[in-house]
Amino acid sequence: MIEFQAVTKKYPDGTVAVDGLDLVVDAGKITVFVGPSGCGKTTSLRMINRMIDPTSGTILLDGKDIRDSDPPLLRRGIGYVIQHAGLFPHRTVLDNVATVPLLTGKSKREARARASELLDLVGLPVELGKRYPVQLSGGQQQRVGVARALAADPPVLLMDEPFSAVDPIVREDLQQQLLRLQSELDKTIVFVTHDIDEAIKLGDLVAVFRVGGKLAQYATPSELLAKPADDFVSSFVGRDRGYRALGFLTATGVPVGPIATVRAGESTAETGWIVVVDERNRPLGWLDRTSTSDPVRADSLVSGGSLYEVDGAAGTAGSLRNALDSALSSPSGLGIAVDADGAVAGSVKADAVLDALAKARRTGEVPA
Ligand SMILES: Nc1ncnc2c1ncn2[C@@H]1O[C@H](COP(=O)(O)OP(=O)(O)OP(=O)(O)O)[C@@H](O)[C@H]1O
């Protein structure tokens, strides 16, 4: 656990970067610091590993005042990941990751073996270890940065805009991977971003900062969307926060209706919009059939939008956002519901999602 107690940082030129910060970062959780540029996120983060010392106030790590720790020793227990990964350009990828185990007294062989394990853990082929950082893509470099930060198995991980410099698809991938890693590793992660979507996706708790280094709100993503503390948070979280909030509500109450399907190559008496499926009943695409003589071929389909995931056996369902997206993105207006194996389980209508939404609004689960 990391505790900020009345922490203020004033730079020599008089800039107050962080102003009276009180905040508890829970162990084993992802806490995101988010806010507009210059609101003191990075300064707050760097005070945790003593790259910057507060002007006043106290930071406790597991109950101990970090001022009493020797900075290099403190940092051994705190991994640090930054934008562009910050890798050593003249060392191979493997040696970049092996640096920390070497520092902690492991032999070269042990350090490299550990580095290989870590590359695997972050989803990189071990062969890439022989390359130099410049020979990797931006996303791969970020993965190496994460592997290096994890090398000493630190309980705490500080991540400063680690995914900001990569394109949106790679970024999404890195975010998913961080969530997967975290589900295995249970680190105490403090993650800085200026992107509210990233904050909502990754954070167990999200701290919204305003310029002047003040904490505007500290809450779970769903609370932040449902009950922004003030106008600043509400505008920062965005006008489509109602829509984002749908991502936190499961669509278990939304009825799954019938849907017409036909296997590719087979015949059917159905007309109108039909889902063509493969031999395992997985959707291949939509067919708009005007007459029963139209062939059912897999090569002339209209691709369907996103799929709505339900698991009838487990009684679970995707989010309302997932259900609504599937209905709105489908050419037929019917969202395709699929089960855990990806097989067609039925259909979902936008109206049914909107009814569920109206109910959630009445109970205050999402903002009206
Ligand atoms: N060394 C410094 N000397 C003087 N002012 C500084 C220094 N470092 C940061 N600041 C100022 O402190 C404030 C907070 O900076 P900080 O980098 O913590 O913000 P941030 O929220 O991380 O911003 P960004 O998202 O743009 O990185 C800003 O006004 C910044 O200009």
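Please treat every number below as a calculation from the coordinates, not as lab data. Since the model is a prediction, treat every value here as computed from it, not as a measurement. For neighbour counting, all protein chains shown are included, and Cβ atoms are generated from backbone atoms with ideal geometry for every residue, glycine included.
Sequence-distant contacts, meaning Cα pairs under 8 Å at least 6 residues apart, place the relative contact order of the chain at 15 percent. Counted by neighbouring Cβ atoms within 10 Å, the residues K29, K130 run from fewest to most as K130, K29. In this structure, the amide hydrogen of Q217, modeled 1.01 Å from its nitrogen in the peptide plane, lies closer than 5 angstrom to those of V208, counting only residues at least 5 positions away or on a different chain. Among D173, D53, D13, the largest mean-square fluctuation in a Gaussian network model of the chain, built with springs joining Cα atoms closer than 10 Å, belongs to D13. Taking all Cα pairs closer than 8 Å and separated by 6 or more residues, the relative contact order of the range 1-157 comes to 22 percent. Expressed as a fraction of 2.2 N^0.38 Å, the value expected for a compact globular protein of N residues, the C-alpha radius of gyration of the chain is 1.19. Each residue of the range 6-20 was assigned a 3J(HN,Hα) from its phi angle through the Karplus curve 6.51 cos²θ - 1.76 cosθ + 1.60 (θ = phi - 60°); the sequence is 6, 7, 10, 10, 10, 6, x, 7, x, 5, 8, 7, 9, 10, x Hz, with glycine and proline shown as x. Between T15 and L60, the contour length at 0.36 nm per residue exceeds the alpha carbon distance by 13.8 nm. Could you list the residues of the range 86-104 with an amide nitrogen less than 18 Å from a label point located 7 Å from the Cα of V134 in the Cα-to-C-beta direction? From the range 86-104, the list is 86-96.
For the range 161-259, the Kirkwood estimate of the hydrodynamic radius, built from every pair of different alpha carbons, is 15.2 Å. Loop-located trypsin sites (Lys or Arg not before Pro) in the range 223-314 (DSSP state other than H, G, I, E, B) with a sparse environment of at most 15 neighbouring Cβ atoms within 10 Å: R239, R280, R297.
Quick check on my link table: of K10/K214; K227/K349; K29/K201; K9/K201, which ones sit more than 24 Å apart, alpha carbon to alpha carbon? Provide the component values of the computation, followed by the final result.
Values: K10/K214 13 Å; K227/K349 28 Å; K29/K201 13 Å; K9/K201 29 Å.
Distance filter (> 24 Å) returns K227/K349; K9/K201.
Per residue of the chain, the DSSP helices (runs of n ≥ 4 H) give a summed -39500 (n - 2.57) that works out to -9500 deg cm²/dmol at 222 nm.
Let's test the formula: R0 of 25 Å, r as the Cβ-Cβ distance of D195 and D230. What FRET efficiency results, to the nearest 0.05? It comes to 0.75.
Amide H to amide H, with H built 1.01 Å from N, S306 comes under 5 Å of S329, counting only residues 5 or more places away or on other chains. Spherically averaged projected area of the convex hull of Cα atoms, the range 13-59: 3.8 nm².
For K29, the residues 5 or more places off, or on other chains, whose built amide H falls under 5 Å of its own are I189.
Going from the fewest other Cβ atoms within 10 Å to the most, the residues Y243, Y80 appear in the order Y243, Y80.
Using the Karplus relation 6.51 cos²θ - 1.76 cosθ + 1.60 with θ = phi - 60°, the per-residue 3J(HN,Hα) values for the range 292-307 come to 5, 8, 4, x, 9, 10, 6, 9, 10, 9, 8, 5, x, x, 6, 9 Hz, with x marking Gly and Pro. Listed by Cβ neighbour count within 10 Å, with the fewest neighbours leading, Y132, Y308, Y11 appear as Y11, Y132, Y308. Each residue of the range 204-212 is assigned a 3J(HN,Hα), and the resulting list reads 6, 10, 10, 9, 9, 9, 10, 4, x Hz, derived from the Karplus form 6.51 cos²θ - 1.76 cosθ + 1.60 (θ = phi - 60°), x at Gly and Pro.
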